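No lab work stands behind these numbers, since they all come straight from the coordinates. Nothing here was measured: the structure is a model prediction, and the numbers come from that model. Neighbour counts run over all protein chains shown; Cβ positions are idealised from the backbone, glycine included.
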Amino acid sequence: MYQCPKEGEIELQDGQLAPELAVKACPSCGGAWIPPENYVTWQQQQIDPEAPIQVAVLPLSLHTGFEPAALDNRAALCPDCRSYLVRGRITLKQGSFYVERCPNCTGIWCDGGEWEILQQLELQAHIDYIFSADWQAQVRELEHSEREKLATIDKLGPDIAQRVFELANLLEEHPNGDFGVAYLMRRVDQ
Ligand SMILES: [Zn+2]
Ligand SMILES: [Zn+2]
């Protein structure tokens, strides 16, 4: 018998997240435990093992109206082998949430609603990738540049900000782009 990692007293029940993906679902919080062998079998049907991992990595720009589950932040133990679950952060426009994975048996825990968001992000067949250093680095970089953009829009207004972004792209690609940057700095400094 598996128990809900977030609410120890609740027993998980047989459920399904997708056709051919049997899970243990929590009737109380709506979370789902995905046993590692079920996930791997399902994953192999979804992705071409020869194809490189193509992830639509722009969670920040996705507007979903999704609210992280109330239990999302609670530390949890693997319902199978009792190891502490490791969290993989996914940042959306309105805030971030965590998918959790057991470092020992590689089972996955999704709080209520998270699987559906992973589906929208085209990440549901790549959950292991969310826990890689590569993904975490990509996320940090994207978050940084997105915040910088939002701050620029906030200070300059959307019209001028848009022109600045376009100009930045042009200068970035031009072999003498630094002359353009120097000119702007001189003008704006005065
Ligand atoms: Zn629960
Ligand atoms: Zn485990």
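How charged is the neighbourhood of SER83? Take every other residue with its Cβ under 12 Å from the Cβ of SER83, and add Lys/Arg as +1 and Asp/Glu as -1. Don't skip to the answer; put the middle values down first.
Numbers: positive: ARG82, ARG101; negative: ASP80, GLU100.
Around SER83, the charge tally is 0.
Place a +1 charge on the Cβ of each Lys and Arg in the chain and a -1 charge on the Cβ of each Asp and Glu, then give the dipole magnitude about the Cα centre in debye, rounded to the nearest 20.
580
Can you tell me the orientation of helix 133-156 relative to the chain, as the angle in degrees between its alpha-carbon axis and the longest Cα principal axis, to the nearest 10?
Roughly 50 degrees, rounded to the nearest 10.
Using r as the Cβ-Cβ distance of LEU184 and SER132, and R0 as 35 Å, what FRET efficiency do you calculate, to the nearest 0.05?
0.35
Taking K and R as +1 and D and E as -1, what net charge do the other residues with C-beta under 10 Å from the C-beta of GLU114 add up to?
Working: positive: none; negative: ASP72, GLU100, ASP111, GLU116.
Result for the local shell: -4.
Going toward the positive end of the dipole of the range 13-137, with +1 on Lys and Arg Cβ and -1 on Asp and Glu Cβ, which of LEU118, GLY30, GLN45 do you reach last?
Result: GLY30.
Assuming R0 = 22 Å, can you tell me the calculated FRET efficiency for the pair GLN45 and GLN16, based on Cβ-Cβ distance, to the nearest 0.05?
Values: r = 14 Å, r/R0 = 0.65.
Calculated transfer efficiency: 0.95.
Where the only charges are on Cβ atoms (+1 Lys, Arg; -1 Asp, Glu), what is the dipole of the range 108-157 about its Cα centre, to the nearest 20 debye? List each step's numbers first, then the result.
Numbers: 4 positive and 11 negative charges, 54 e Å.
Computed charge dipole of the range 108-157: roughly 260 debye.
Enter the per residue convex hull volume of the range 77-186, computed from alpha-carbon coordinates, in Å³ rounded to the nearest integer. Walk me through the numbers before you get to the answer.
Values: hull volume 16.2 nm³, N = 110.
So the per-residue hull volume is 147 Å³.
How high is the FRET efficiency from GLU67 to ASN104, r the C-beta distance, R0 45 Å, rounded to 0.05? Display every interim value, and only then the final one.
Details: r = 30 Å, r/R0 = 0.67.
According to the calculation, E is roughly 0.90.
Tell me which of VAL139, TYR183, GLN162 sits at the most positive position along the dipole axis of the range 130-190, charges placed on C-beta atoms (Lys, Arg +1; Asp, Glu -1).
Positive-most Cα among the choices belongs to TYR183.
If I fit a long axis through the Cα atoms of helix 36-46 and take the longest principal axis of the Cα atoms of the chain, what angle between them do I get, 0 to 90°, rounded to 10?
It works out to around 50 degrees.
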